[in-house]
1. Using only Cα positions of the chain, each an equal point scatterer, no hydration layer, compute I(q)/I(0) via Debye at q = 0.15, 0.22 Å⁻¹ and quote the log10 values to two decimals.
2. To the nearest 20 debye, what is the magnitude of the charge dipole of segment 3-129 about its Cα centre, counting +1 on the Cβ of each Lys and Arg and -1 on the Cβ of each Asp and Glu?
3. Given a Förster distance of 30 Å, report the FRET efficiency between Arg110 and Gln27 from their Cβ-Cβ distance, rounded to the nearest 0.05.
4. Grab the Cα-Cα distance for Arg71 and Arg94, subtract it from 0.36 nm times how many residues apart they are, and report the gain in nm with one decimal.
5. Counting other Cβ atoms within 10 Å, which trypsin sites (Lys or Arg not before Pro) in segment 1-104 have at most 10 and lie in a DSSP loop?
6. Spelling out what I want: for every residue of segment 27-39, take phi, set θ = phi - 60°, compute 6.51 cos²θ - 1.76 cosθ + 1.60 (Karplus), and round to whole Hz; glycine and proline get x.
7. Nearest 10 degrees is fine. How inclined is helix 67-84 to the longest principal axis of the chain, computing both from alpha carbons?
Amino acid sequence: MARIAGVDLPKHKQIAYSLPYLYGIGQKLAKELLLKANIPPTKKTEELTEGEIKRIRELLETEYKVEGDLRREVQMNIKRLMDLGCYRGLRHRRGLPVNGQRTHTNARTRKGPRKGVLARSGGAAPAKK
């Protein structure tokens, strides 16, 4: 089993489809990485030799930010926006959509479940005569 940047890659998949399991690597970057490392993208992860895994690791360490470093950088960028007090920072702080999406309806992912209408405190409404 190949372990790269603290993540176990799936054994039975082609390496081009296993590498995107790493945070910060998509399919395009995975194919580009394999081209630089001279590894065929159709090779299964379990078929990789230690030398090939080492080449992938070295390329990731020298040229790309992945996993913990990238997550830390993204969080620092968000924190910087919040500290500046700019519009995007305020939206992050309030847990609302940042990029101008509609919030009157939708935006449930950011806003959380609906609150619902609160019941009246006086019990049932009095009957009219």
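Since every read-out is calculated from the coordinates, none of them should be taken as a lab result. Just so it is clear, the model here is predicted, and its values are computed rather than measured. Counting neighbours? That spans all protein chains shown, and the Cβs are built from the backbone with ideal geometry, glycine included.
1. -0.83, -1.15
2. 1540
3. 0.65
4. Additional length available on full extension: 6.2 nm.
5. Those that pass, being in a loop and sparsely packed, are Arg102.
6. For segment 27-39, the Karplus-derived couplings read 5, 5, 5, 4, 5, 5, 5, 5, 5, 5, 8, 6, 10 Hz, x marking Gly and Pro.
7. Helix 67-84 sits roughly 40 degrees off the main axis of the chain.
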